[in-house]
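The next block holds one structure in the form of structure tokens; read it before the comments.
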Amino acid sequence: MFRIKFIIDNLFYLVFPKTQSQMIVDLYFYKILNIKMSSMSFDTDYCKNITALTVYSNKHIKTLIHELKFNNNKKAAKFFADIFNDFFIEEYENIKLYHPNSDVIIIPIPLSKQRLKERGYNQVTRVLKQTSAKKFINTKILSRNRDTKKQSLLTKTKRKANIKDAFSAIENTNPDTVVLLVDDVVTTGATLEEARKTLKKSSYNDVYVIAFSKA
């Protein structure tokens, strides 16, 4: 197996830049080893009942998140799209079982205008658009009021203050709306909780928070 991996590594390095080639190799081995991903629910000090689809401490997941977020890697996006799609199919059935008349809306955590301009895309939206859930995506309800410091550069205590009042939402007119609020990585949960709180203030009563990965 190690010899095969060595051969594949070197073949790809001849064609692709190192980061890209390693990404493809990692994806390839995920398929070969058939590593099963399962969602998990947990609480943080700031946010309760979070569902995460992978664990960031896995080196492959960490690489994939980085490629998705900063290198616009299409294969990384497809990887998380497949995982989210499996999760959503089951989740949608559960929602309709308990809320048969509900409207389901999926809201990706929005970037600030400045961050969106710098990056050129919202990585969460990009993933969701590759799933069967794409028709439920709404990027207009929740918006970012201001540019904030990168949460990853702040201490746990400063993250909550940094994101406070950073979002605004359009008022909900349908009491049967169920919202799936989605982000890429959750650490303290401060961003997801602030967004959820903003939506609840705008009459979105059922808001479930989901992350592609738990840090």
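Mind checking which helices (runs of 4 or more DSSP H) fall wholly inside the range 111-176 and carry at least 1 residues that are within 15 Å of the chain's Cα centre (by Cα) and of a type outside the set (S, T, N, Q)?
Details: elements: 113-119, 123-128, 156-163.
Where helices (runs of 4 or more DSSP H) fall fully within the range 111-176 and carry at least 1 residues being within 15 Å of the chain's Cα centre (by Cα) and of a type outside the set (S, T, N, Q), they are 123-128.
Does Tyr204 satisfy the criteria of being more than 19 Å from the chain's Cα centre (by Cα) and in contact (Cβ under 8 Å) with a residue 12 or more places away in the chain? So Tyr204 passes the test. If the condition is being of a type outside the set (Asp, Glu) and either exposed (fewer than 14 other Cβ atoms within 10 Å of the Cβ) or free of Cβ contacts under 8 Å to residues at least 40 places away in the same chain (or both), then the range 113-128 contributes Lys113, Gln114, Arg115, Leu116, Lys117, Arg119, Gly120, Tyr121, Asn122, Thr125. Of all residues in the range 129-159, exactly one satisfies the criterion of being of a type in the set (Lys, Arg), touching a helix residue (DSSP H, G or I) at 6+ places or on another chain (Cβ under 6 Å) and buried (at least 18 other Cβ atoms within 10 Å of the Cβ), namely Arg159. Would you mind stating whether Ala161 is touching a strand residue (DSSP E or B) at 6+ places or on another chain (Cβ under 6 Å), on the phi < 0 side of the Ramachandran plot and either modelled with pLDDT of 95 or more or of a type in the set (A, V, I, L, M) (or both)? No: the conditions fail for Ala161.
The values are calculated or read from the model by the stated rules, or taken from the named source; none is laboratory data. Only a predicted model underlies this, so the values are computations on that prediction, with no experimental measurement involved. Cβ: placed from backbone, ideal geometry, glycine included. Neighbour counts: every protein chain shown.
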